[in-house]
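Following: one structure in structure tokens, then a few remarks.
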Ligand SMILES: [Zn+2]
């Protein structure tokens, strides 16, 4: 479909896809923007031939606009629709999409929970939250940043939402397809850094040839490669020999030695594949390994001896004395007071405690104890979001510690 900025584009799924109405009611649908323009739904329910159709998964679509004067579609760009049918059949409208000639790198984003506009996910947004300053979207809505990030994690929109809140970027490009031939696709040639870890990849056929991912005899799901080979499958008996596929590779490229981000990516991966029990250990390590160095640098400023001796003393204090649970309470609050920053909100600290308890259960007992809340998708999204905030708070604090050191050096 081609949208026009400032004008509503009406969708009739029945006409578009010639779907059976009964199937459409069960459909899970996704609207995906092309060329960086995101379609926004004017409303979340509609009528198809007189019958009310609810979108069963609010997660699958951009937040609807509550203001009818806002344009339904943002951008001046084509977009595509995939309709997934739950009973296993897939019906797809052939999209009239022009070739995207240059790869596009999309920075992480989420949608404003109030108006549905796109908001960049940045360290600045987290810093504003920690400084008790409201994050404001382009329409001027004041956003509860916790709510927005939690929603992005929980909904995991397009299966990249939770990756985006840890800073993952997505490189999109098209690749030609030839029937009966394997096409090599090298993500790095399209702009993905060679050192990046590929988190997830979306292949969407843009015509009558669907891409099929070739694998070796032994399929290794991770790590995802940066170079793949695609074969093709024709749709509906098509005789086309040439086609193209859109590729969206979501990746993260932490600095060398940045253990915290790598573990956070592992935690999100476990969430992504629905292995919720795999989330607490890497998520907890991520926060602990981000907080430790920040506290160590601060404590070392108050230890006697040369720089190396002071660091060793600080390290001993934190590993033998004030271990992670004491770092969360009460050391963190003391440190915040010392640095003149607001403490991490109590609700987040409670969730970090819960995360630590899940981690301890798994490490010490090999299971989550019966007296804990079970690790459902909802519960896991909560503690994972807390880990993401804990991780960002540690970075935020570390910067304040460095500022403190510069002040002390200047005296
Ligand atoms: Zn807004």
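Nothing in this text is a laboratory measurement; each read-out follows from the coordinates by a stated rule. Keep in mind the model is a prediction, meaning the values are calculated, not measured. FYI the Cβ positions are ideal-geometry reconstructions off the backbone, even for glycines, and counts take in every protein chain you see.
Values computed for the structure shown
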item	result
For the range 221-362: rounded, prolate or oblate by the Cα gyration tensor [a/c cutoff 1.5]	prolate
Proxy reagent accessibility, fewest Cβ within 10 Å first, across 356, 275, 312, 220	220, 275, 312, 356
Cβ-based exposure ranking for 403, 382, in which fewest neighbours within 10 Å come first	403, 382
Sequence of 363, 299 once ranked by neighbouring C-beta atoms within 10 Å, starting from the fewest	363, 299
Dmax and Rg, reported as Rg then Dmax, of the range 169-252 (C-alpha, Å)	13.0, 41
Cβ crowding within 10 Å averaged over residues, with 124-130, 168-174 ranked highest first	168-174, 124-130
Stretchable slack from residue 179 to residue 227, in nm (0.36 nm times residue separation minus alpha-carbon distance)	15.3 nm
Segment residue 370-residue 120, length gained on full extension (0.36 nm per residue, minus Cα span)	86.1 nm
